[in-house]
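The values are calculated or read from the model by the stated rules, or taken from the named source; none is laboratory data. Nothing here was measured: the structure is a model prediction, and the numbers come from that model. Glycine also receives a Cβ, built like all others from the backbone with ideal geometry; neighbour counts cover every protein chain displayed.
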Amino acid sequence: MIDIERLREKEARVITIGSYPAIIQSILDFDYLAKKAQPSVIAIIATGRNNERYFFGKKEILIPVYATTGAIPTKKKEQCTFFLNLSSGRRVLHSTQDLLDTFPNIAGGVIFAEGVPETHALTLYNKAVKNKQFIVGPSSIGLLIPGCLKLGAIGGVDMPQLTDAKLFSSGSVAVLSASGGMTNEIITTVVQLGKRVSFALSFGGERYPVTTPKDAFLAAENDPQTEAIVYFGELGGTDEHAIAALLCEKKITKKVICYIAGAIAEMFETPPQFGHAKALAATQEETAAGKRKVLQAAGADVASSYTEFIDLITALPNASEELENVADVAHGLRERQKSLISTSISGDKDGQPHLLNEDLLTFTNNNSFATVVASLFLGKKVKSKELELFVDFVLRLLVDHGPYVSGAMNTIITARAGRDLVSSLSAGLLTIGPRFGGAINQAAENWLRGVADTKSPGAFVEEFASKRKYISGIGHKKYRVDLPDPRVVEIKKFAEKLSVKKYTTFALGVEKITAAKKGNLILNVDGAIAAVLLDILSEKEKIDEQELQRLTEIEFFNAFFVLSRSVGFISHFLDQKRLDEGLFRLPDHLVTQADFDEE
């Protein structure tokens, strides 16, 4: 059962399953107008992008987007207290169960989708009861607790709707209905008549709502701030008979004002189907007249017309305090415009450049070049000395490996063709990829996946062998088991002081198997850098597996090679300009004409 008073005390930290920008923005506008210090929506589960931009007041914010619940960092999972499922009806069961099983502090949430199979709704009902969580819906516009929580489209999605409904200070009237449109209409009516809403809930028009009208009435009865219940019902189903039983048993003692729509259906020989799935009267007790009769007999104030319904609401006591007017604040938000781009690493404050929220001179004077690089690449200030020292070593180690490699050769040829620095540097950089320089990132993906999948090094090697794929980070043309690469020896020393070093251990386990097959299939510079860097980020920077995966996706690990090797390429450009040997042309004997057998 929903405990409204407990929800008032719980900090709203919402995750949405699916993206519905108008609804999400309305929640953030509600938060801002309710004078919350921070937005309540903290994550979105969807595909197609990494972040979505919204406004919190006049300020644009980025809400992170994750493809699956498994991709969400553990800390963020622990923060979430509510969910809003905006996905399609066929996906509701799996996505909701997945979330309830993996988010430890979820109190409950709302399902917006229509057309959820009835068996799925019943499964979710049983799960909610077992877990002592609440689920409102399916086909619900949400749950609203003024000043505290807006979970869904309830209360409106446009700024004027929010301000007209005055949802920012609590009152004494609970508004309940299956209909989303009528829920919002009655909220506005209650406020316009001088009352205030204690909470509002739309349980949805499906045949089997997880939170039933009976549950909603009991929630209102147990809410100390609620003094009266305003209910808009409709023909179909027997929920009103359950409510009448609660009234007769004195389990509902607060004033109940009801209107049951659909009396016109009794004029037809065959009962018509109204808008909601449940809005069909198959028996006399399911008709609007039958429901009105049983509720009236139980002691509820039942209106025979909508006009009378308004009169009954009007007779309720007016709010003792004047409603806060937020229209002026809301008006100031109407002119806000989205920016062209967003950035999180640098900016300008009062004419001074800033890096990671520190002014440029302070940031650069207090940090080494390696710390500056690592911090900017990560998008946040690094914490550990170990990462600083390792990045410093890597940047020096990778600076240049001679003129023989494709990147340096491209730079040299372009420089000798008379092109400028930027053109020559670009020519060299464009060769960086899976065959040259890009293996650090691929190796990081390998070690990360191997450890995450809890595979043995042997099973990992066998998987690559069965697919006839090379293992990035393994293999060298010159060095062998009996002639180790001195650079790799130095790289591995950085892992010796780490306590767990699970990625380095896994990489060395892979090397042991591959080197036994062929002597030169040893851990190379790319593979060693990737493994040690993963371990330092994991142990010293406390970056979890999901964030490490994200770093591989954005090519974080290759960034160090690109930065360092740019120094080498620039050096080759300057060297060629000094030597001035003229246009490069391959001599004929270095080119072979390839002949293909056409038969």
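Per-residue answers, yes or no, for (1) at pLDDT 95 or above; (2) out of contact with any Lys or Arg (no Cβ under 7 Å at 6 or more places or on another chain):
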| site | (1), (2) |
| --- | --- |
| ALA465 | no, yes |
| PRO486 | yes, yes |
| LYS493 | yes, yes |
| THR505 | yes, yes |
| VAL525 | yes, no |
| ALA530 | yes, yes |
| LEU534 | yes, yes |
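Looking at (1) more than 26 Å from GLY89 (Cα to Cα); (2) without any contact (Cβ under 8 Å) to a residue 40 or more places away in the chain, can you tell me which one PRO213 breaks? Condition (1) is where PRO213 drops out. Evaluated against (1) in a loop (DSSP other than H, G, I, E, B); (2) surrounded by 20 or more Cβ atoms within 10 Å (Cβ to Cβ); (3) modelled with pLDDT of 95 or more, LYS251 falls short on exactly one condition, (2).
In the range 208-222, the qualifying residues are those that are touching a helix residue (DSSP H, G or I) at 6+ places or on another chain (Cβ under 6 Å) and in a loop (DSSP other than H, G, I, E, B), and the one that is modelled with the highest pLDDT is VAL210. The set of residues from the range 454-479 being under 15 Å from THR505 (Cβ atoms) and surrounded by fewer than 15 Cβ atoms within 10 Å (Cβ to Cβ) comprises THR454, SER456, GLY458. Residue count for the range 394-413, restricted to those that are buried (at least 16 other Cβ atoms within 10 Å of the Cβ) and without any contact (Cβ under 8 Å) to a residue 24 or more places away in the chain: 2.
Scanning the range 145-167 for residues that are of a type in the set (Gly, Ala, Ser), free of Cβ contacts under 8 Å to residues at least 60 places away in the same chain and part of a loop (DSSP other than H, G, I, E, B) returns no hits.
Checked against the criterion of being over 24 Å from THR123 (Cα atoms), outside any helix (DSSP H, G or I) and β-branched (Val, Ile, Thr), the candidates ILE23, ILE63, ILE106, ILE15 yield just one match: ILE63.
One line per residue, one yes/no per condition, for (1) among the β-branched types (Val, Ile, Thr); (2) modelled with pLDDT of 95 or more; (3) more than 30 Å from ASP535 (Cα to Cα):
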| residue | (1), (2), (3) |
| --- | --- |
| LYS383 | no, no, no |
| VAL399 | yes, yes, no |
| ALA408 | no, yes, yes |
| THR414 | yes, yes, yes |
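Count of the range 3-50 residues, restricted to those that are at pLDDT below 95 and β-branched (Val, Ile, Thr), is 1. Could you tell me whether the range 129-143 includes any residue that is buried (at least 24 other Cβ atoms within 10 Å of the Cβ) and closer than 22 Å to ALA37 by Cβ? Among the residues of the range 129-143, at least one is buried (at least 24 other Cβ atoms within 10 Å of the Cβ) and closer than 22 Å to ALA37 by Cβ, which makes the answer yes.
Screening the range 476-561 for helices (runs of 4 or more DSSP H) wholly inside it with 2 or more residues that are polar (S, T, N, Q) and within 26 Å of PRO73 (Cα to Cα) returns the ranges 502-517, 545-553.
Does GLU78 satisfy the condition of being of a type in the set (Asp, Glu) and more than 24 Å from SER538 (Cα to Cα)? First the steps, then the outcome.
Values: of a type in the set (Asp, Glu): yes; more than 24 Å from SER538 (Cα to Cα): no.
It is false that GLU78 is of a type in the set (Asp, Glu) and more than 24 Å from SER538 (Cα to Cα).
When LEU99 is tested against (1) under 14 Å from the mean Cα position of the chain (by Cα); (2) in a loop (DSSP other than H, G, I, E, B), exactly one condition is not met: (2).
Residue-level analysis places ALA507 outside the set of residues that are aliphatic (A, V, I, L, M) and not assigned by TED's automatic domain parsing to the domain that holds GLY450. The set of residues in the range 26-64 that are surrounded by fewer than 19 Cβ atoms within 10 Å (Cβ to Cβ), among the hydrophobic types (A, V, I, L, M, F, W, C) and over 30 Å from ASP328 (Cβ atoms) contains only ALA46. Taking the criterion of being modelled with pLDDT of 85 or more, more than 25 Å from the chain's Cα centre (by Cα) and assigned to a loop (DSSP other than H, G, I, E, B), the residues of the range 334-356 that qualify are ASP350, GLY351. You will find that of LYS540, LYS501, the residue that is surrounded by fewer than 21 Cβ atoms within 10 Å (Cβ to Cβ) and either in contact (Cβ under 8 Å) with a residue 12 or more places away in the chain or not small (Gly, Ala, Ser) (or both) is LYS540 and no other.
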